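Participant: Would you mind keeping the following structure in view while I ask a few things?
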Amino acid sequence: MAANQPTHRTFPALHIELPTWVPAMLPPAEHRYATLADRMQLVVELSHRNVQHGGGPFGAAIFDAKEQTLLAPGVNIVVPTKWSGAHAEMVAMAIAHQILETHDLGSIENSEYELVTSCEPCSMCYGATPWSGVKRLVCAAREEDAEAIGFDEGPKPSDWVAGLESRGIQVVRDLMRNDAKRVLQGYATGGGTIYNGRSGGRSPR
């Protein structure tokens, strides 16, 4: 090995950051989201505004269900970050973990964190949900609504709801489904990029 040749390779750092418009649109931190509908309304609005700002048609958030407050928002930033894992749910989970400085939200005593998402989780986000430590998953659109406009949700067990519930995670479906579907359909009719993988079949959104 030449004397001036480096002995190890260097790699880029992974840095994920919310678009600046997200914190700008949020109410003060002490704002209460008293009902599941209140929380989903914010999440669907996140998905809608993300489309307006050139992102994917998906939004999510981690809420503190006991305090009725927002812990961490998330939007789909797959294209701008050039990372296939940057789904709205994954972004919200990552931010929540960093805020609370733990990889397991369920490890916090007497915690009741929930993941609220504008669409049912794809196979990747489904797998990450029990590891995140949330106690509840609340979904708007169904996976078939995303697939109807061309997104691939990936392989997922047909009994995925029962699988989560067997791990103590309550699942609520179809809350504001039509509102979330309109965001998906608007994205498609507006010419939004359907950014599935090309190698070995389609990848999850």
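The values are calculated or read from the model by the stated rules, or taken from the named source; none is laboratory data. Owing to the predicted nature of the structure, the values given are computational and were not obtained by experimental measurement. Cβ: placed from backbone, ideal geometry, glycine included. Neighbour counts: every protein chain shown. Surface accessibility is based on the protein's heavy atoms, side chains included, excluding ligands, DNA and RNA. Shrake-Rupley method; radii C 1.70, N 1.55, O 1.52, S 1.80 Å.
Participant: Output the number of residues of the range 81-96 satisfying the condition of being assigned to a helix (DSSP H, G or I), touching a residue at least 60 places away in the same chain (Cβ under 8 Å) and open to solvent by 40 Å² or more (accessible area, probe 1.4 Å). Let's see the steps before the verdict.
Facilitator: Filtering the range 81-96 down to residues assigned to a helix (DSSP H, G or I) leaves 81, 88-96.
Okay, now just the ones that are also touching a residue at least 60 places away in the same chain (Cβ under 8 Å), so 81, 91, 94-95.
Right, trim to open to solvent by 40 Å² or more (accessible area, probe 1.4 Å) and you get 81, 94-95.
Residues that pass the stated criteria total 3.
Participant: Assess whether Pro73 counts as being closer than 20 Å to Met176 by Cα and part of a strand (DSSP E or B).
Facilitator: Numbers: closer than 20 Å to Met176 by Cα: yes; part of a strand (DSSP E or B): yes.
Yes, satisfied.
Participant: Return the residues of the range 185-201 that are touching a Gly at 6+ places or on another chain (Cβ under 9 Å) and open to solvent by less than 70 Å² (accessible area, probe 1.4 Å); say none if nothing qualifies.
Facilitator: Taking the range 185-201 as the starting set, the residues that turn out to be touching a Gly at 6+ places or on another chain (Cβ under 9 Å) are 186-188, 192-196.
Of everything in the range 185-201, those that are touching a Gly at 6+ places or on another chain (Cβ under 9 Å) and open to solvent by less than 70 Å² (accessible area, probe 1.4 Å) turn out to be Gly186, Tyr187, Ala188, Gly192, Ile194, Tyr195, Asn196.
Participant: Given the criterion within 29 Å of Asn178 (Cβ to Cβ), open to solvent by 20 Å² or more (accessible area, probe 1.4 Å) and either aromatic (Phe, Trp, Tyr) or assigned to a loop (DSSP other than H, G, I, E, B) (or both), identify the matching residue among Pro19, Pro57. Outline the logic, then answer.
Facilitator: Numbers: Pro57 fails: open to solvent by 20 Å² or more (accessible area, probe 1.4 Å).
Only one candidate qualifies: Pro19.
Participant: I want to confirm something. Restricting to the range 137-166 and keeping residues that are in a helix (DSSP H, G or I), in contact (Cβ under 8 Å) with a residue 24 or more places away in the chain and not aliphatic (A, V, I, L, M), which single residue is surrounded by the fewest Cβ atoms within 10 Å (Cβ to Cβ)? I'd like the intermediate steps shown before the answer.
Facilitator: Initial filter on the range 137-166 (in a helix (DSSP H, G or I)): 143-148, 160-165.
Remaining after also requiring in contact (Cβ under 8 Å) with a residue 24 or more places away in the chain: 143, 145-146, 148, 160, 164.
So of that shortlist, the ones also not aliphatic (A, V, I, L, M) come out as 143, 145, 160.
On the way: Glu143: 22, Asp145: 22, Trp160: 17.
Within the range 137-166, the match that is surrounded by the fewest Cβ atoms within 10 Å (Cβ to Cβ) is Trp160.
Participant: Of the numbered conditions (1) out of contact with any strand residue (DSSP E or B) (no Cβ under 7 Å at 6 or more places or on another chain); (2) surrounded by 16 or more Cβ atoms within 10 Å (Cβ to Cβ), Glu67 fails exactly one; give the number of that condition.
Facilitator: Here Glu67 meets the rest and fails (2).
Participant: Within 18 Å of Arg142 (Cα to Cα), at pLDDT 95 or above and surrounded by fewer than 24 Cβ atoms within 10 Å (Cβ to Cβ), is that true of Gly127? Don't jump to the end; show me each part of the working.
Facilitator: On the way: within 18 Å of Arg142 (Cα to Cα): yes; at pLDDT 95 or above: yes; surrounded by fewer than 24 Cβ atoms within 10 Å (Cβ to Cβ): yes.
Criteria met by Gly127.
Participant: A further question follows. For the range 167-177, name all the residues that are in a loop (DSSP other than H, G, I, E, B) and in contact with a helix residue (DSSP H, G or I) (Cβ under 8 Å, 6 or more places away or on another chain). Give the derivation first.
Facilitator: Initially, the range 167-177 is screened for residues in a loop (DSSP other than H, G, I, E, B), giving 167-169, 173-176.
Result: Arg167, Ile169, Arg173, Leu175, Met176.
Participant: Against the condition part of a strand (DSSP E or B) and surrounded by fewer than 24 Cβ atoms within 10 Å (Cβ to Cβ), how does Glu114 come out, does it pass? Lay out the reasoning, then the answer.
Facilitator: Values: part of a strand (DSSP E or B): yes; surrounded by fewer than 24 Cβ atoms within 10 Å (Cβ to Cβ): yes.
Taking the combined requirement at face value, the residue satisfies it.
Participant: Conditions first: (1) aliphatic (A, V, I, L, M); (2) open to solvent by less than 10 Å² (accessible area, probe 1.4 Å); (3) over 22 Å from Arg167 (Cβ atoms); (4) assigned to a helix (DSSP H, G or I). Ile99 passes all but one, so which condition is the exception?
Facilitator: Only one criterion is unmet by Ile99, namely (2).
Participant: For the range 37-52, does any single residue satisfy the condition of being in a loop (DSSP other than H, G, I, E, B) and open to solvent by 30 Å² or more (accessible area, probe 1.4 Å)?
Facilitator: Let us first name the residues in the range 37-52 that are in a loop (DSSP other than H, G, I, E, B), namely none.
Within the range 37-52, not a single residue is in a loop (DSSP other than H, G, I, E, B) and open to solvent by 30 Å² or more (accessible area, probe 1.4 Å).
Participant: Residue by residue through the range 150-202, note down the ones that are at pLDDT below 95 and among the basic types (Lys, Arg).
Facilitator: Answer for the range 150-202, where residues must be at pLDDT below 95 and among the basic types (Lys, Arg): Lys156, Arg198, Arg202.
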